[in-house]
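What follows is a set of notes on a single structure, which appears directly below.
Derivation of every value follows stated rules applied to the coordinates shown; laboratory data play no part. These numbers were taken from a predicted model, which means no experiment stands behind them. Positions of Cβ are generated from backbone atoms using ideal geometry, with glycine treated the same way; all protein chains shown enter the neighbour counts.
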Amino acid sequence: MKKLLALLLFLSLPAWGQVPHVTQPFRYFWDEATPNVTNVAGAIQVNHFELQIDAGPFSVIGIPAGSTPSTVLGFTTFAFQADPALALGTHTFTIKTCSGATLGVGCSTTVPFSFVLDPAAPPSAQRLGVGV
């Protein structure tokens, strides 16, 4: 199974290397190779995805509806609504792509993705520009 690219998208992405901050409501986003989710002959097909928050157990989340073409050629982007009761603070999420029908069977796991859940959105730049 091709490696799964996991990422969390926000209204404004932070500079590379910084942990992104989000506010509720938000969704987890990740990419999967399109042939793995469209019944292409010869490709290992995804039966379901599993989601882990922090060090908790993995939970089956199925294949979320409303997938969209990814900005990465040959991939599809999936999204899953976050739990509105998630506590404020630093968290991680990890996605498993599974070809088996049972929890944890035939799965490929992503690297955990860190983020910070804040009570309010961080301030945005009010004026941008370049000059001499």
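Structure values in brief
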item: Inter-label distance for residue 21 and residue 99, nm, one decimal - labels placed 7 Å from Cα along Cα-to-Cβ; result: 4.3
item: Pairwise FRET efficiency - residue 59 versus residue 116, Cβ, R0 = 22 Å, nearest 0.05; result: 0.50
item: Percentage of interatomic Cα-Cα distances in the range 25-80 larger than 14 Å; result: 57
